[in-house]
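The numbers here are math on the coordinates, done by the rules we state, and not lab data. Since we're looking at a predicted model, the values are computed, not measured. Cβ coordinates were reconstructed from backbone atoms using ideal geometry, including for glycine residues, and neighbour counts include every protein chain displayed.
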Amino acid sequence: MTDISKEELDGIYAFAVNLGKEAGKMLLEAAKLRMGDERVSEERKEHVQKENAVDLVTETDEDVEAFIKGKIVEKYPSHKFVGEESYSKGSSRDYLIDDSPTWCVDPLDGTVNYIHLFPMFCVSIAFIHKSKPLIGVIYAPFLNQFFSSCVGRGAWLNETQRLPLIRNPVPPMPEKAPSGCIFSCEWGKDRKDHPDGNMHRKIESFMNMAAEIGGRQGRGGMVHGVRSLGSATLDLAYIAMGAFDIWWEGGCWEWDVAAGVAIVQEAGGLVTTANPPEDHLTAAIEEVRLGSRLYLAIRPAGASQTETGRQTQERTVREVWARVRNLDYSRPGA
């Protein structure tokens, strides 16, 4: 398939939306089993009682991915499929996204949250063509939040509210950003306690962003607040919504971000690399490559009296780059 017509894309979008809803319901039903829902069959209750929470979540993860993959293979047998569970069982760690029509799926993002029944978990489904995420679907069933987008058709919350939420008008990035911004970040899985490892670099960057203006040898950003949801996918959804202003992260895989990137970009947000270039004041701000594992997202922004919305976003990117450390998240085997 070299090109996709508008009609074909509309059909893929409708399919992805329905698939996301069905997969999200599966996550919610599995959570209700663990909550002792009285409507669950005795056989299923007995199964739950025999398994521990982590095993049940792993089983749910695999079941939901198998369901999504089965539906896609049945409907679009020529399309490529990239899923977290199937990828983790394989040996290849090459870049996974190419020019092929590709579905990139995380059946359960926010696994630790799901284990603890903290509501920030979701299913994430993206459709990518020619290395560009064209469709994104994110469903957080515990929150009853359904995010969706298709290139040229807008980004939406629960299919009725266009994103970003504040649209009258869409506000520019704050004049003194990152001051005045909600900054979203994650601790990640790399917890090695090396003095100059990723965790220490992240902590230093978080402190720079949070510290008072003039603090931290002039790197203090005095952000309005710092948030950590435990789900990269939902971090991006909240960037698209405009609830978060800045998201900075390293270590994510394609399935963690593909749907979120699609939704952020369609909403008018900017996604570039987390790592500051040598000359962060003048370097070109390029669209991020899926699979780079390094991401910086800025919410949709409108014009101010002196700048376009894009200029306010790029100014914010440079101010973030001035305050964060380079992270080292190469691909295994790369």
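Coupling constants for region 287-304 follow from the phi torsions by the Karplus curve (6.51 cos²θ - 1.76 cosθ + 1.60, θ = phi - 60°), and in residue order they are 5, 5, 8, 4, x, 6, 6, 10, 9, 10, 10, 10, 5, x, 9, x, 7, 9 Hz; glycine and proline get x.
Against the chain, whose longest principal axis is taken from its Cα atoms, helix 309-321 shows a tilt of about 80°. Entry note, region 189-334: relative contact order of 25 percent, from Cα contacts under 8 Å with a spacing of 6+ residues.
Loop-resident trypsin sites (Lys or Arg not before Pro) (DSSP state other than H, G, I, E or B) in region 199-281 with no more than 11 further Cβ atoms inside 10 Å of their Cβ are absent. If one takes the longest principal axis of the Cα atoms in the chain, at what angle in degrees, from 0 to 90 and to the nearest 10, does the Cα axis of helix 6-34 lie? Result, in degrees: 70.
Annotation: extensible slack from Ala243 through Met35 equals 71.9 nm (criterion: 0.36 nm per residue apart, minus Cα-Cα distance). Spacing of the modelled spin labels on Ile4 and Ser100, each 7 Å from Cα toward Cβ, amounts to 1.5 nm. Between Ala14 and Arg318, the C-beta separation translates, for a Förster distance of 51 Å, into a calculated FRET efficiency of about 0.80. Length available on full extension from Ser131 to His194: 0.36 nm per residue minus the Cα-Cα distance, which gives 19.2 nm. Once the chain from Val73 to Ser304 is taken as fully extended at 0.36 nm per residue, the excess over their C-alpha distance is 78.5 nm. With the highest mean first, a sort of the peptides 108-120, 182-194, 278-290 on other beta-carbon atoms found within 10 angstrom per residue produces 108-120, 182-194, 278-290.
Annotation: amide H-H contacts under 5 Å for Phe244 (H modelled 1.01 Å from N, sequence separation of 5 or more, or interchain): Ile239. Counting only alpha carbon atoms, the long axis of helix 232-241 and the longest principal axis of the chain meet at about 60°. With Cα extents along the principal axes in Å as the read-out, I listed (1) 61, 59, 44; (2) 80, 49, 40; (3) 62, 48, 43; which label goes with the value calculated from this structure? Matching the structure shown: (3).
Here each label is just a point 7 Å from Cα along the line to Cβ, and for Gln161 and Ala283 those points are 3.6 nm apart.
Summarising the label geometry, the points placed 7 Å from Cα in the beta-carbon direction at Ile115 and Asn326 lie 3.3 nm from one another.
The 3J(HN,Hα) values that the Karplus relation (6.51, -1.76, 1.60; θ = phi - 60°) gives for region 120-134 are, in residue order, 7, 9, 7, 9, 10, 10, 10, 10, 10, 9, 6, 6, 10, x, 9 Hz. Gly and Pro appear as x. Under Stokes-Einstein, with the Kirkwood radius over Cα pairs as Rh, the value for region 182-321 at 4 °C and 1.567 mPa s is 85 µm²/s. Listed by chain and number, the aspartates and glutamates whose C-alpha is less than 13 Å from the C-alpha of Lys80, apart from same-chain residues fewer than 8 away, are Asp98, Asp99. From least to most packed, judged by other beta carbons within 10 angstrom and beginning with the fewest, Asp196, Asp106, Asp63, Asp235 follow the order Asp196, Asp63, Asp235, Asp106. Take each peptide in 13-24, 248-259, 313-324, count the other Cβ atoms within 10 Å of every residue, and average; sorted highest first, the result is 248-259, 313-324, 13-24.
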